[in-house]
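Enquirer: Mind looking over this structure? Questions follow.
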Amino acid sequence: MIERTNMFINTQAQDHQIAGIYKDLDAHLLNLIKTNKINPKPLMICAGSTSSCCAAKGHWTLDLRHNFKKIEFYQSRNEVLIEAGVNMQSLIDELKEYKRSFPIGISGTTGIGYILTGGISPLSRKYGLAIDQIKEIQGFWATGERFSIKKPISSSGKDQLIQWKALCGAAPFLAIITQIKLKTHPLNSLKVWETTLDPKQLAQTISISEDWPNHASLYWVWGETIKAFGVYELKGSYIDDGFNKIINTLPKSNDFRTYLIEDIAQLNKLKFPITANSVNQKKYSEVLGLLGPPLKENSNELIKSLENLMQNRPNASSYISAQQLGGATVNEKNHLSSFIHRNSMWKPWITGSWESGNEEQRKESLIWIEQGWLELEKFFPGVHLAQIHPHLKWHKKEVRAAFKSWLPELHQLKSKYDPKGILLPL
Ligand SMILES: Cc1cc2nc3c(=O)[nH]c(=O)nc-3n(C[C@H](O)[C@H](O)[C@H](O)COP(=O)(O)OP(=O)(O)OC[C@H]3O[C@@H](n4cnc5c(N)ncnc54)[C@H](O)[C@@H]3O)c2cc1C
């Protein structure tokens, strides 16, 4: 079915004058794909609709949220099958019924794009990235050919290995995923702490956190002020000594507090030091995610760079944050994904915002993101392509930084599985 109105969560995507929306991947749309009659290309894919890339001016969007909503839990194997229009909140809500959970990110609003682009969760240090939980993937290559692939085992053939590696982290360039099967984990309560920090205290906290056990992770946001959050997974709801040991060593402010949450979706309620959309003025933004190894003794150096950047930020809605990786995200064996920066301990991201319609502010914010990238890439040489920017001039650079030496092979796969450029350019 074709529709011309849209209801995307991302504000920029909302306001694009798009060609229209396909609500199903039916015979008609598949025929257009197979006969190269998508015009203009690329066809935009929308799952959770939270990124600026689920729609583009004058382009068609396939919005999976309408007809791909199935969630099925297999109790005997503790696995869950989700169709591509299921968002992370719905996934967590369903799993809770069975006392199970999944390492979603800091917001339940994101869709399957969160999983397909890697998926960094506050629980990733214990369980791995979201892509590491995938057991089976079904969908259509951008040639229109249907596929169904299981996670390779030691006897799997080379084709299966390469396809799997490409789909886990680079699927948006090659295929339309319709459903995935995922591993789940026991539902445990989480103990959270939060506090406002000054720059020096942030440097200290970063250094300390690099030695934390894998069931603890740090997340910080630098906006109006600096706010740090720690997430600590309990065994059931038993608060062990480890939590107290961690908080005893931390720099703190008067607003330091700890609390218990039942599941990871409740991280939605964290209050960040960022100016939100006002009723009168809609905000647009772009986000660039970087990846880099442990900082060790360089955290003071990093803080100097961040102070410079924050002094020059274009407006109060632009900010820099970071999530912690390490532990299980490093241990993934056999290099079976396109998330190649497995040595990473940090994912900082730079968010540049502007008022809708204010072209000057937009330019300033995009320049600030690029300046931030140049300043921070000495610490964080990789890119996490959670947000993809085919509409911006740095797209080629972000793709190179995301895939490095794996990119030539991805280009070969692109010419095999998307020879007509139906999906995003690589
Ligand atoms: C509030 C918020 C919190 C976030 N927190 C985290 C976090 O903690 N960790 C983290 O890693 N990321 C996080 N992100 C980033 C987020 O995971 C990415 O932006 C992700 O791409 C969003 O996916 P989506 O399905 O919601 O968005 P969409 O805009 O619908 O999709 C993004 C892109 O993914 C591709 N895609 C989506 N579905 C398919 C499909 N079925 N087949 C092929 N390609 C597809 C398409 O290219 C699409 O344009 C966050 C984003 C937001 C807005």
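Enquirer: Tell me the mean residue ellipticity at 222 nm calculated for the chain from its helices only (DSSP H runs of n ≥ 4, each -39500 (n - 2.57), averaged over every residue, nearest 500).
Expert: So the calculated ellipticity at 222 nm is -8000 deg cm²/dmol.
Enquirer: Between the DSSP loop rule and a limit of at most 14 other Cβ atoms within 10 Å, which GluC sites (Glu not before Pro) in the stretch 78-150 are left?
Expert: The qualifying sites are Glu97, Glu145.
Enquirer: Using just the C-alpha positions of the chain as equal point scatterers, what log10 of I(q)/I(0) does the Debye formula give at each q in 0.11 1/Å?
Expert: With no solvent term, the Cα-only Debye profile gives -0.84.
Enquirer: Hey, rough spin-label estimate for Arg342 and Ile261, points 7 angstrom out along Cα→Cβ, what's it come to in nanometres?
Expert: Simple spin-label model gives 3.0 nm for this pair.
Enquirer: 7 Å from Cα along Cα→Cβ at both Asp240 and Lys416: what's the point-to-point distance in nm?
Expert: 4.4 nm
Enquirer: From the alpha carbon gyration tensor of the stretch 71-185, can you work out the equivalent ellipsoid semi-axes (sqrt of 5 times each eigenvalue) and give them in Å, largest to smallest?
Expert: 23, 15, 14
Enquirer: Can you bin every Cα-Cα distance in the stretch 2-63 into 10 Å intervals starting at zero and give me the percent of pairs per bin, rounded to whole numbers?
Expert: Binned Cα distances yield the sequence 25, 57, 18, 0.
Enquirer: Shifting gears a bit: Any chance you could check the Cα centroid distance between the stretch 146-213 and the stretch 35-56 for me, in angstrom?
Expert: Distance between centres, Cα-based: 24 Å.
Enquirer: Note down the magnitude of the dipole of the stretch 285-398 about its Cα centre, charges +1 on Lys and Arg C-beta and -1 on Asp and Glu C-beta and zero elsewhere, to the nearest 20 debye.
Expert: 400 debye
Enquirer: Could I ask something else about it? What is the distance in Å between the Cα centroid of the stretch 67-143 and that of the stretch 250-305?
Expert: The two parts, judged by their Cα centres, are 23 Å apart.
Enquirer: Along Cα→Cβ, 7 Å out, is where each label goes; now give me the distance between the ones at Met7 and Lys37 in nm to one decimal.
Expert: Computed distance between label sites Met7 and Lys37 equals 3.0 nm.
Enquirer: Continuing with the same structure: Report the gain in length on full extension from Ile153 to Asp93: 0.36 nm times residue separation, minus Cα-Cα distance, nm rounded to one decimal.
Expert: Here the answer is 18.5 nm.
Enquirer: Which of these, Asn358, Asn31, Asn254, has the largest mean-square fluctuation under a Gaussian network model of the chain (Cα springs below 10 Å)?
Expert: Greatest mean-square fluctuation among the candidates belongs to Asn254.
Enquirer: Output the pairs from Lys99/Lys165; Lys99/Lys347; Lys191/Lys269; Lys245/Lys269; Lys191/Lys304 with a Cα-Cα distance over 20 Å in this structure; if there are none, say none.
Expert: Long pairs (Cα-Cα over 20 Å): Lys99/Lys165; Lys99/Lys347; Lys245/Lys269; Lys191/Lys304.
Enquirer: Using only the alpha carbons of the stretch 296-426, determine the length spanned along each of the three principal axes and report them from longest to shortest in whole angstroms.
Expert: 45, 41, 19
Enquirer: Further question: Using just the Cα positions, wrap the stretch 188-269 in a convex hull and report its mean projected area in square nanometres, one decimal place.
Expert: Hull-based average projected area comes out at 5.3 nm².
Enquirer: Can you give the extra length, in nm with one decimal, that the chain gains between Glu72 and Lys282 once fully stretched, where that is 0.36 nm per residue apart less the Cα-Cα distance?
Expert: Difference between extended and current length: 71.9 nm.
Enquirer: Identify unpaired cysteines across the chain, taking unpaired to mean no other cysteine Cβ lies under 4.7 Å from the residue's Cβ.
Expert: By the Cβ distance rule, which asks for a partner under 4.7 Å, the isolated cysteines are Cys53, Cys168.
Readers should treat all values here as calculations from the given coordinates under stated rules, not as data from a laboratory. Just so it is clear, the model here is predicted, and its values are computed rather than measured. Reconstructed Cβ throughout: ideal geometry from the backbone, glycine too, with neighbour counts over all protein chains shown.
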